[in-house]
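Report on the following structure.
Every number here is computed from the coordinates shown, using simple stated rules; none is lab data. These numbers were taken from a predicted model, which means no experiment stands behind them. Heads up, the Cβs are rebuilt from the backbone with ideal geometry, glycines too, and the neighbour counts pull from every protein chain shown.
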Amino acid sequence: MSLPQDIRPAFQDIQDTLIRSDSPWIQQTPASAVKVLWVGRETGSWASLHRWKKGYAAPPHKHLAGAHVFIVSGKLQVRDGVLNAGDYVYEPSGVLHDETKALEDTVYLFLCNGPILFFNENGFTRYTNWEVMEKLRTEQPPQALAAE
């Protein structure tokens, strides 16, 4: 059956993403690693799996878009509350965090719809967005290629 118009995608490579369970973790610090599961260039969103060792703390930051968090295992101290394995939280755009700390070895799923700005008492220190996540995914150093 022929269609009256061409509906093929303009960018075929944005359709499918498959990350296998044995895909490598990308070490960001000695206490934190990430698996970039998906990057949505057309929306600025991304999905990532994070693994933090007990005691690791992400610096203060502000969400510039909404984000979903699901705790797979462990515990996170987020603002004045604790998220446990199985907990889900939605972080709306504009939310500020002081440090977020792993109270146990923790793995969590993070689905983000836009940038995050990190800061300290002197101002902004860095940001994370879909482009940063894509660079992490595609520019892994050779030692990150071996699955753990």
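Any idea which of 120, 59, 38 is furthest toward the positive side of the dipole for segment 30-137, if Lys and Arg beta-carbons carry +1 and Asp and Glu beta-carbons -1?
Highest projection toward the positive end goes to 38.
Taking R0 as 30 Å, what FRET efficiency do you get between residue 3 and residue 43 from their Cβ-Cβ distance, rounded to the nearest 0.05? Walk me through the numbers before you get to the answer.
On the way: r = 26 Å, r/R0 = 0.86.
Rounded to the nearest 0.05, the efficiency is 0.70.
Computed FRET efficiency, Cβ-Cβ of residue 90 and residue 119, R0 30 Å: what is it to the nearest 0.05?
Details: r = 22 Å, r/R0 = 0.74.
Here the calculated transfer efficiency is 0.85.
How many lysine pairs in segment 30-137, separated by 8 or more positions in sequence or lying on different chains, have Cα atoms less than 23 Å apart?
Here the count comes out as 16.
Below 8 Å, C-alpha to C-alpha, sequence gap of six or more: please give me the relative contact order for the chain in percent.
27 percent
How large is Rg over Rh for the chain, taking Rg from the Cα atoms and Rh as the Kirkwood inverse mean of 1/r across Cα pairs? Intermediate values should be presented prior to the final figure.
Values: Rg = 17.1 Å, Rh = 16.6 Å.
My calculation puts Rg/Rh at 1.03.
Rounded to the nearest 500 deg cm²/dmol, what is the calculated helix-only ellipticity per residue at 222 nm for the chain, with -39500 (n - 2.57) per DSSP H run of length n ≥ 4? Intermediate results must be reported in sequence, preceding the final value.
Details: 1 runs with 9 residues, N = 148.
Calculated mean residue ellipticity at 222 nm is -1500 deg cm²/dmol.
Applying a 10 Å radius around every beta-carbon, put 35-47, 19-31, 127-139, 90-102 in order of their mean neighbour count, most first. Please report the intermediate quantities before stating the final value.
On the way: 35-47: 17.6, 19-31: 12.3, 127-139: 16.0, 90-102: 14.5.
Peptide ranking by packing, descending: 35-47, 127-139, 90-102, 19-31.
Can you give the FRET efficiency to the nearest 0.05 for residue 126 and residue 19, using r as the Cβ-Cβ distance and R₀ = 35 Å? Could the numbers behind the result be given before it?
Values: r = 24 Å, r/R0 = 0.70.
FRET efficiency, residue 126 to residue 19: 0.90.
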